[in-house]
Amino acid sequence: MTALAHHLGTFLRDHLPRERGASRHTCETYAYSYQLLLNFAAERLKTRPSQIEVEQLNADLILAFLEHLETSRGNSAKTRNARLAAIHSFFHYLEYRLPSCLDQVRRIHAIPRKRVDQALVRHLTRTEIQALLATPDPRKRAGIRDRAMLHLAFAAGLRVSELVGLRLDQLEPRTLDSIHVLGKGRRERVLPLWKETTAAIRAWLAVRPQDGDRELFLNAAGRAMTRAGFEYILTKHVKTAAEQQPSLESKRVSPHTLRHSCAMHTLQSTGDIRKVALWLGHASIETTEMYLRADPTEKLDALASMELPALQRGRFTAPDKLMAMLKDAGRSKNYVE
């Protein structure tokens, strides 16, 4: 039997950041997946997480854990697949370090990803975006910060990890009219900013604490804003904006909703899906095609360019009853003949 703790610690601290070059956010996401898995396994095996051994994490337990995510925790199939990807990555790491577990590793690798529904993306209308951006109080430092965060998240279409991880040195130092973003898969892109967004960032820099972390957006303690912190702030302002814009009450607004809204507005303004892909930093334009399915403009243009086939008007003639009876009587009742 092989202790799990040593191999899992080495995987998270050395293999992912140093050998694979994974980002801090990837390491945190993987660590949280294993936290969920080990808590579930410890309860199922009646032991402590630190005493779990590699051989105990067999395919049956992994399948039970994935079922637990969907039934007990209410996670979607997409979240289930993300947890499974983290588990696959760790056991791929063990495959070349624990030959005795090779059969166990192959059984776990055989667990397939679950197919997910390709739902339409949720986005906000221009009126809803305006109501949301106008919600933070510009007379308070927290309100100035929140307005700058919301402006930048929407205008640049940033992922929440890109937003909270944005550093001061990623801003154009003199004009503040562009940002340098290191996105998913270590793909870099430079994005110009609207004047309103630049003004919001400039107002925040004027009141931002100077002795805090090097990230652009800080919390009340002067530390870098976290993903959970921004989600809390967004939820609070959406609730307030819904009082002025009731349509927001029926929408579930997440940080990624702002990114989707930026993509949809960019597509409607330019009509070019390639520009949307460049703006969002997608590796493949196939990822960006989901916005075409959600945008009715393209479908209306296609409908307008189509010509309906000409249908000739005809006259209905009732069949002769005698001829119908003769045809029916002439049919053989024996299908073999």
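General remarks:
- Along the axis of the charge dipole computed for the chain (Cβ charges of +1 for Lys and Arg, -1 for Asp and Glu, origin at the Cα centre), the listed residues Val105, Thr198, Ala5 are led at the positive end by Thr198.
- A protection proxy built from the mean count of other Cβ atoms within 10 Å ranks the segments 76-83, 207-214, most packed first, as 76-83, 207-214.
- Summed residue charge, Cβ within 11 Å of Thr29's Cβ, Lys/Arg positive, Asp/Glu negative: +2
- Taking a ≥ b ≥ c as the square roots of the eigenvalues of the alpha-carbon gyration tensor, segment 204-278 is classed oblate because a/c is 1.5 or more while a/b is no larger than b/c.
- Estimated 222 nm signal from helices in the chain, with DSSP H stretches of n ≥ 4 weighted -39500 (n - 2.57), rounded to 500: -16000 deg cm²/dmol
- Between the entries (1) 64, 45, 37; (2) 61, 49, 39; (3) 100, 62, 35, the label attached to Cα extents along the principal axes in Å calculated for this structure is (3).
- Aspartates and glutamates with Cα under 20 Å of Lys236, excluding same-chain neighbours fewer than 8 positions away: Glu128, Asp137, Asp146, Glu249
- For segment 115-182, the residue among Gly157, Leu182, Ile129 whose Cα projects farthest onto the positive side of the dipole built from Cβ charges is Ile129.
- For segment 194-241, chymotrypsin sites (Phe, Trp or Tyr not before Pro) meeting the loop criterion (DSSP other than H, G, I, E, B) and having at most 14 other Cβ atoms within 10 Å: Trp194.
- Heavy-atom accessible area with a 1.4 Å probe sorts Met325, Met264, Met290, largest first, into Met325, Met290, Met264.
- Built amide H within the under 5 Å cut-off of Ser178, gap 5+: Glu172, Leu193
- Converting phi to 3J(HN,Hα) with the Karplus coefficients 6.51, -1.76 and 1.60 and the offset θ = phi - 60°, segment 186-193 yields 6, 8, 9, 8, 10, 10, x, 10 Hz in sequence order, with x at every glycine or proline.
- Neighbourhood net charge (13 Å Cβ-Cβ; Lys/Arg +1, Asp/Glu -1) for Leu278: +2
- Loop-resident trypsin sites (Lys or Arg not before Pro) (DSSP state other than H, G, I, E or B) in segment 232-275 with no more than 11 further Cβ atoms inside 10 Å of their Cβ: Arg252.
- Once the 1.4 Å probe is applied to the protein heavy atoms, the chain comes out at 63 Å² accessible per residue.
- Sites listed here are chymotrypsin sites (Phe, Trp or Tyr not before Pro) in segment 65-146 whose DSSP assignment is loop and whose Cβ has at most 12 other Cβ atoms within 10 Å: Tyr96.
- Ligands, DNA and RNA left out, the accessible area of segment 102-206 computed with a 1.4 Å probe is 52% carbon and sulfur.
- Each other residue within a Cβ distance under 12 Å of Glu196 adds +1 if Lys or Arg and -1 if Asp or Glu, for a net charge of +2.
- Its residues counted as N, segment 11-144 yields a C-alpha radius of gyration over 2.2 N^0.38 Å of 1.41.
- When each of Lys140/Lys239; Lys78/Lys239; Lys184/Lys251 is checked by Cα-Cα distance, pairs over 22 Å: Lys78/Lys239; Lys184/Lys251
The values are calculated or read from the model by the stated rules, or taken from the named source; none is laboratory data. It should be emphasised that the depicted structure is a prediction, and the values quoted were computed from it without experimental measurement. Cβ atoms come from the backbone with ideal geometry, glycine included; neighbour counts cover every protein chain shown. The protein model used for the area step is the full one, side chains on, heavy atoms only, and it has no ligands, DNA or RNA in it. Shrake-Rupley method; radii C 1.70, N 1.55, O 1.52, S 1.80 Å.
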